[in-house]
Amino acid sequence: MPSLGSTGGEAGAGKEPTTMSEGVSDADPIAVQAGHGDADPTAVLAAHWNESERRLYPTATTNPDAYQSAVKLVRAVADALADVSDLGELVQRWEHRTAVLDAAVRATGETVAYGLIEATAGCGFAIRRRELLNERAERERRERITAARDAGETWVVIHEQGDLASGLADPCQCMEMHLPTGLAVVSMVEPDPSTMTPVYVVTVTAMGAEAAGTSGIDLSSFEDLETADPELFEDNRRAMRSRVEAAGA
C-alpha cells in the first residue's frame, strides 16, 4: 500500500504518519493487526490447524452434544498452552500435542470423538496462535505509538495491510491514529454489495483508551467518505485527516 504508507514533511499537524515499515521488523502477512512483526514460524502449521477447525466445528449441526464436548476440550487445550509465550515455542509444543490433549481430557473429563484427536488438538493450537498474534499485534501497536510520541509525531500508522492496486484481491486497509486526540482515520477497500466492485471508504473511529483527547468531539460529525474512484481515495484520506486535526485543535 505505497501511497497510504508514505511519509513526508516536518513533524506536526501536516506530517504524514510514521509507517509500519519504519523501526519495525519485516511484515508478518497473518499478524498485521498492528504492525509488521517477525516472520511467522507457525505459517505452515496454521493451514493444518485451520483445516482442523473446518473438520471439527461442523459437527455442531449433526451432533450437538459431541460438539459441546469438543468445544470444552478445545478450550482446555488452548488453556494448557497459556504458558507458551511465542510462536516458535508453539511450534515446538505441537510435537507434544498428544500430551497436551491428554491433559485437556483429564481437566475436563470429556472424551475425544472418534477420528478427531488430531483435529481437536489442532483447534486448540489455532486458538492459542490467534491469541499470541493478537498479543504481539497489541505490543507492536503500543510500541509504534510510544515511538511516534517520543519523535514528536502527530500521526502514526498502527495497522496496515493489503495492496491498493489489487482492489478486492488483496484489499488494502490502513489505520492512522491522530496522537493528540486518539482518533483514527481508517482507509479501506470494501466490496459494493450490489455490484461486488471495489468501494474506497474513509471513516473515523476512536481508539479506546488512547482517545483521551476526544472530549467534546462529536464522532458523528465525521461523515464517511466513499468513492468508486481509487484516485480520489488518497484525497479523501487527506481530507479526513485534516478534519480530525481541525477538531482536535
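A short reminder: the numbers here are calculations on the coordinates, not readings from a lab. Note that the structure is predicted; figures quoted are calculated from it, not measured. Backbone-built Cβ (ideal geometry, glycine too); neighbour counts: all protein chains shown.
Tabulated data for the structure shown
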| read-out | value |
| --- | --- |
| Sorted by Cβ density within 10 Å, fewest first, the residues Val44, Val157, Val204, Val112 | Val44, Val112, Val204, Val157 |
| Cβ crowding within 10 Å averaged over residues, with 222-233, 161-172, 124-135 ranked highest first | 124-135, 161-172, 222-233 |
| Förster-model FRET efficiency, 30 Å R0, Val105 and Ala43, C-beta, rounded to 0.05 | 0.55 |
| Cβ-based exposure ranking for Ser85, Ser52, in which fewest neighbours within 10 Å come first | Ser85, Ser52 |
| Approximate spin-label separation Asp235-Thr195, in nm, with each point projected 7 Å along Cα-to-Cβ | 1.7 |
| Mean Cβ count within 10 Å, highest first, over the residues of peptides 186-198, 71-83, 96-108 | 71-83, 96-108, 186-198 |
| Cut-off 16 Å (backbone N to label point 7 Å along Cα→Cβ of Tyr114), residues of segment 48-91 | 63, 66-67 |
| Magnitude of the charge dipole, segment 154-247, Cβ model with Lys/Arg +1 and Asp/Glu -1, debye to 20 | 320 |
